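Novice: Structure provided below as structure tokens; questions to follow.
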Amino acid sequence: MTTTDTSPRTAPTAEPAGSGSRIVPIARLHVVNRMQVLLVPAMILLFILLVNIVVWWLIVRSVTDPVDRADALDGLQWSGASFYVFVYAVVLGAQAVGFVFPYALGMSVTRRDFWLGSALAFVGLAALYGAFMTLFAVIEQATGGWGLGGRMFTVLYFGGEDATWYQRFGLFFAAFLFCFFVGAVVSTIYQRWRVNGMLVFFAALTLLLLGTAALITLTESWPAVGSWFAATGAGGVVAWSLVITALSAVVGFLLIRRSTPRG
Amino acid sequence: MTAVIEAEGLSKHYRTVDAVDDVSFSIEENTITGLLGRNGAGKTTLMQLLTGQEFATRGTIRVFGESPVENAGVLQRLSFIKESQKYPDDFKPKHVFATAPWFFPNWDAEFAARLIDDFRLPLNRRIKKLSRGQLSAVGVIVGLAGRAPITFFDEPYLGLDAVARQIFYDRLLEDYAEHPRTVVLSTHLIDEVANLLEHVIVIDQGRILLDDDAESLRGSATTVVGTRAAVDSFVGGREVLHRDSLGGLASVTVGRLDPAERREAAELGLELGPVSLQQLVVQKTGATTSGIEQSA
């Protein structure tokens, strides 16, 4: 050192330099690219809706027999047209850990704050996406299926035709939350154990699903499974999904605490 | 002077390699320290340990007197700019400069804008599409404008041209003079940064080879050039760091010489020359020159 500083130096301490918690800034990191988080999914969803409306219009125009038409429209309650948004949420959840985690550590945050901030972002986005879907479901309900008897947002898995808006919102919200956290926790397994972790995880998952299917088939309990879903209803199934969501949140936290992003 | 970084018996062992092996050192507050060594010497791992990104196998680390691992109070005062930094998909440089101030309380937006200009960095291009040099510039700007009390630069110059590297060194020195802070710079372009460094730590195969003031290192070795016979008689029993011979001439690097020894060499008709930091490191790490990149 060439400075001639003679003033007494105070021992440096670990006092934070001003700003407090970083949980909110981390949550904001996830939504800084509005295009990716808001605009793109909304636009794709609207495009799918448009395509569906054209298809419904073709059905209404070309199927003239009222019985056949009612039959065709009845099948729409099983429509999976909105499925893509939930896949998008899984991908966003995975990217949150895959891309934002290495960046956040580069911004000198703790893994704990990263996970809490991400969870906050997931809750916020699930509420936003849920509200958007609810709005469209309410419009769909009020316009008698966009004037054509079409169904895309009032499908059976999300409350069907007669659910109230808050029932719909609750179902959408829980479903999005599930998708975000499941995407995130799988990505965390990758952060922690890389390719080997992925191989083991998906092998274990496949065996688990196969084993469950085999067990149900061998004990001839498929009807019982079907009636459980019918009895539990959409609300019940989504409530059960919250258990997996919570489990993902806890497991993800424990894994990320021991993870190091690699270049 | 107070030590802001202290490592004691620090080791990081991976399955097949001891990346950092029983290392102890300390770094003083408000100095620029060079962390020098060959590729794979353990420089990056050491910095990852000091910034809490990697977990130590053994040993202790104290940064501002506390362990940095998952310690928000410590981490908030650190900045770690690494060559391999990943950015979120679809991020553009403008997103980085919009978000970095949330995490670095001393962020100077004006300084950042000036650096963006200096490096001619396109703000609106996807990070994925930036050239290697432009990508490095993003990190350099975050590290400089963030003004964290301790800033680590891990080979921050990759892909930067000579002009851009000089800009980095100049701005670092200027800003350091105005806003003193602790800087740890890992590099193998040693000649380029030699004048910046106040302290030098040389690491090789996970162990520390040298840990000294740059000033005292500069005079710590001398090259003696002359006829082989004269050189041999002068060198005698001294420890020889390095020897080159060409026909009847010899060039030998020895340790520090006192004035009497210098007179003796002059009387023997020998030429004395300084040894650059880079040559010193090359010789200490037992490498041929090709092991360390020649500065461009």
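Every number in this text was worked out from the coordinates using simple rules, so none of it is lab data. In this text, all values refer to a predicted model and were calculated from it rather than measured experimentally. Every residue, glycine among them, receives a Cβ derived from its backbone with ideal geometry; neighbour counts consider all protein chains shown.
Novice: How far apart, in nm, are the 7 Å Cα→Cβ label points at B:ARG15 and B:GLU267?
Specialist: 6.5
Novice: How big is the gap, in Å, between the Cα center of region B:115-162 and the Cα center of region B:85-103?
Specialist: Between the Cα centres of region B:115-162 and region B:85-103 lies a distance of 12 Å.
Novice: Follow-up. Can you give the calculated 222 nm mean residue ellipticity of chain B, where each DSSP H run of n ≥ 4 adds -39,500 (n - 2.57) and the sum is split over every residue, rounded to the nearest 500 deg cm²/dmol? The partial results should precede the final answer.
Specialist: On the way: 11 runs with 99 residues, N = 296.
Computed ellipticity for chain B at 222 nm equals -9500 deg cm²/dmol.
Novice: Just to be sure I understand: of the beta bridges DSSP finds with both ends in region B:3-217, what percent are antiparallel, rounded to 5? Present the calculation step by step, with values, prior to reporting the outcome.
Specialist: Numbers: 19 of 38 bridges.
Among the beta bridges of region B:3-217, antiparallel pairing accounts for roughly 50 percent.
Novice: Could you pull out every one of the lysines with an alpha carbon less than 22 Å from that of B:LYS86, ignoring same-chain neighbours closer than 8 positions?
Specialist: Qualifying lysines at Cα under 22 Å: B:LYS43, B:LYS94, B:LYS128, B:LYS129.
Novice: For chain B, place one equal point scatterer on every Cα, skip the solvent, and apply the Debye formula. What is log10 of I(q)/I(0) at q = 0.17 Å⁻¹?
Specialist: So the normalised log intensities are -1.37.
Novice: Cα convex hull of region B:221-285: mean projected area in nm², to one decimal?
Specialist: Working: hull surface 16.6 nm².
Averaged projected hull area, Cα only: 4.1 nm².
Novice: Moving on to the next point. Around B:ASP118, under 15 Å between beta carbons, what's the net of Lys plus Arg minus Asp minus Glu among the other residues? Provide the component values of the computation, followed by the final result.
Specialist: Values: positive: B:ARG114, B:ARG120, B:ARG165, B:ARG171; negative: B:ASP108, B:GLU110, B:ASP117, B:ASP161, B:ASP170, B:GLU174, B:ASP175.
Here the charged neighbours net out to -3.
Novice: Starting from the Cα gyration tensor of region A:77-153, multiply each eigenvalue by 5, take the square root, and state the resulting semi-axes largest first in whole Å. Write out the running numbers ahead of the final one.
Specialist: Details: eigenvalues 259, 30, 9 Å².
Computed over region A:77-153, the values are 36, 12, 7 Å.
Novice: Quick one: work out the % antiparallel among DSSP beta bridges in the protein assembly as shown, nearest 5. Write down the numbers at each step before the final one.
Specialist: On the way: 36 of 55 bridges.
Here the share of antiparallel DSSP bridges comes out near 65 percent.
Novice: Most fluctuating residue of A:VAL237, A:VAL186, A:VAL54 in a GNM of chain A with Cα springs under 10 Å: which is it?
Specialist: A:VAL54
Novice: While we're looking at this one, here's another question. Of A:PHE122, A:PHE180, A:PHE99, which has the largest mean-square fluctuation in a 10 Å C-alpha GNM of chain A?
Specialist: Its mean-square fluctuation being the largest, the pick is A:PHE99.
Novice: Provide the FRET efficiency to the nearest 0.05 for the B:SER67-A:VAL87 pair, computing r from the beta carbons and using R0 = 51 Å.
Specialist: 0.80
Novice: Which whole-Hz couplings ³J(HN,Hα) result when phi for each residue of region B:229-245 is put into the Karplus expression 6.51 cos²θ - 1.76 cosθ + 1.60, θ = phi - 60°, listed in order with x for Gly and Pro?
Specialist: 5, 5, 4, 4, 5, 6, 5, x, x, 5, 6, 9, 7, 7, 9, 10, 10
Novice: What is chain A by shape, rounded, prolate or oblate, if you read a ≥ b ≥ c off the alpha carbon gyration tensor as root eigenvalues and call it rounded for a/c under 1.5, prolate for a/b larger than b/c, and oblate otherwise? Working shown, then result.
Specialist: Numbers: a/c = 2.91, a/b = 1.83, b/c = 1.59.
Verdict is prolate for chain A.
Novice: Over all directions, what mean area does the Cα convex hull of the protein assembly as shown project, stated in square nanometres?
Specialist: On the way: hull surface 141.8 nm².
Projected over every direction and averaged, the Cα hull of the protein assembly as shown covers 35.4 nm².
Novice: How large is ³J(HN,Hα), in whole Hz, for each residue of region A:53-70 in order, when computed from phi with the Karplus curve 6.51 cos²θ - 1.76 cosθ + 1.60 and θ = phi - 60°, using x for Gly and Pro?
Specialist: 3J(HN,Hα) across region A:53-70, in whole Hz: 4, 4, 4, 4, 4, 4, 4, 4, 6, 8, 8, 8, 5, x, 5, 4, 5, 4.
Novice: Using Cα springs under 10 Å in a Gaussian network model of chain A, which residue among A:ALA131, A:ALA249, A:ALA70 shows the largest mean-square fluctuation?
Specialist: A:ALA70
Novice: Report, in whole Å, the centroid distance computed from the Cα atoms of region B:167-243 and region A:203-254.
Specialist: Region B:167-243 and region A:203-254 have Cα centres separated by 64 Å.
Novice: Determine the gain in length on full extension of the stretch A:PHE202-A:VAL63; use 0.36 nm per residue of separation and subtract their C-alpha separation, reporting nm with one decimal.
Specialist: 45.6 nm
Novice: Which distance in Å, rounded to a whole number, links the C-alpha centroids of region A:61-96 and region A:129-153?
Specialist: 12
Novice: Based only on other Cβ atoms within 10 Å, what is the fewest-to-most ordering of B:THR99, A:THR164? Write out the running numbers ahead of the final one.
Specialist: On the way: B:THR99 20, A:THR164 10.
Arranged by neighbour count, lowest to highest, B:THR99, A:THR164 become A:THR164, B:THR99.
Novice: Let me ask something additional. What is the fewest-to-most order of B:LYS86, B:LYS12 by other Cβ atoms lying within 10 Å of their Cβ?
Specialist: B:LYS86, B:LYS12
Novice: Tell me which residues come under 5 Å, amide H to amide H, from B:LYS92 once H is placed; ignore anything under 5 positions away on its chain.
Specialist: So B:LYS92 has HN proximity to B:ILE127.
Novice: Could you give me the ³J(HN,Hα) list for region A:207-221, computed from phi with Karplus coefficients 6.51, -1.76, 1.60 and θ = phi - 60°, whole Hz, x at Gly and Pro?
Specialist: Result, ordered by residue: 4, 4, 5, 4, x, 4, 4, 4, 4, 5, 5, 5, 8, 6, 10 Hz.
Novice: Among A:THR188, B:THR33, rank each residue by its count of other Cβ atoms within 10 Å, from fewest to most, as a rough exposure measure.
Specialist: Details: A:THR188 27, B:THR33 22.
Exposure proxy ranking, most exposed first: B:THR33, A:THR188.
Novice: Pull up all non-local amide H partners of B:ASP211: gap of 5 or more, or a different chain, and H-to-H distance under 5 Å with H placed in the peptide plane.
Specialist: Excluding prolines and chain starts, which carry no amide H, the hits are B:VAL202.
Novice: Rounded to the nearest 0.05, what FRET efficiency do B:GLU28 and B:GLU110 have when you use their Cβ-Cβ distance and R0 = 30 Å? Walk me through the intermediate numbers first.
Specialist: Details: r = 29 Å, r/R0 = 0.97.
The computed FRET efficiency comes out at 0.55.
Novice: Now for a separate question. With each pseudo-label sitting 7 Å past Cα toward Cβ, what's the A:ALA127-A:LEU209 distance in nm, one decimal?
Specialist: The two pseudo-label positions are separated by 3.3 nm.
Novice: What is the calculated FRET efficiency for B:ASP212 to B:LEU158, with r their C-beta to C-beta distance and R₀ = 25 Å, to the nearest 0.05?
Specialist: On the way: r = 27 Å, r/R0 = 1.08.
The pair B:ASP212/B:LEU158 has a calculated efficiency of 0.40.
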